[in-house]
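Each remark here refers to the structure printed beneath this line.
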Amino acid sequence: MHVEAGGGDTLAAVIIGAVLATLGGFAATQLEGRLRRRERERSAALLFGEVLSVIELLATLANDARGRGEPYGGFTMRMTRALKRETEVYDRNRETLYDLRDATARARIHSLMARLTLSLDGIFELTEAIALAEAALGAIALDDPASAEASAQLEALREQRGLSFDFAVETAGEIKPVVAVLENLARQSFETYASTIRP
């Protein structure tokens, strides 16, 4: 009887040990998975915080450049191309956005970047159309009746480009509250970029 009890105790100890080992392994796996998800989320927040902060900086600088000299001269357009390249960095890393668990933050970032990309595409397409319209207008004699119509079309294209640029700047103006959310997730400040554009 004593032997059976001892054997039963041993079997119970083995079963309890196996259950505890399984639970311990499961808990360790869960903890490791949670830590990996948090690290991926932090990396994504760092990436998008940097990208959005640079976009905000470049949009401000491009808008300042537009206000000086030739509005859409070489410097303004170089800044705008740099701005476009930053949106391409976002586009190449867009899948990383899903590492952010905050669905609202994801939606705000994606919506903001989609609107910014569309307005930048508009600026470049309209700039090309303006160059063609200017060349066409230059080939028309001033007293030609078509000259007035070509001038009106050119002016309309310039106005549309201005509106697209304004929309890009306005959209970039919505970045700050999104970056504040990303700072919390990244556990890092992106204030360096904002301080660059302060007087």
note = Once the dipole of region 98-174 is set up from charges on Cβ (+1 Lys and Arg, -1 Asp and Glu), the residue from the list ALA156, ALA141, THR171 lying farthest towards its positive end is THR171
remark   = If the chain between GLU170 and SER151 were fully extended at 0.36 nm per residue, the gain over the current Cα-Cα distance would be 4.0 nm
note = The answer for trypsin sites (Lys or Arg not before Pro) in region 89-190 that fall in a DSSP coil and have at most 13 neighbouring Cβ atoms within 10 Å is ARG101, ARG187
ask   = Between ARG92 and ALA129, how many nm apart are label points set 7 Å from Cα along the C-beta direction?
value = 3.0 nm
Separation of the ARG36 and HIS110 label points, Cα + 7 Å toward Cβ, nm = 2.4 nm
inquiry  = Let me test this: with uniform point scatterers at the alpha carbons of region 41-196, what is the Debye-based log₁₀ I(q)/I(0) at q = 0.09, 0.12, 0.20 1/Å?
reply    = -0.36, -0.57, -1.17
Extent along principal axes [Cα atoms of region 120-199; Å; largest to smallest] = 65, 22, 15
note = Shape descriptor, region 78-160: equivalent ellipsoid semi-axes (Cα gyration tensor, sqrt 5λ, whole Å, largest first) stand at 41, 12, 7
remark   = Residues whose built amide H sits under 5 Å from the amide H of LEU100, excluding neighbours closer than 5 in sequence, are none
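Read-outs: derived from the displayed coordinates by stated rules, not from any lab. Values in this document were obtained by computation on a predicted structure and should not be read as measured data. So basically every Cβ, Gly included, is an ideal-geometry build from the backbone, and we count neighbours across all protein chains shown.
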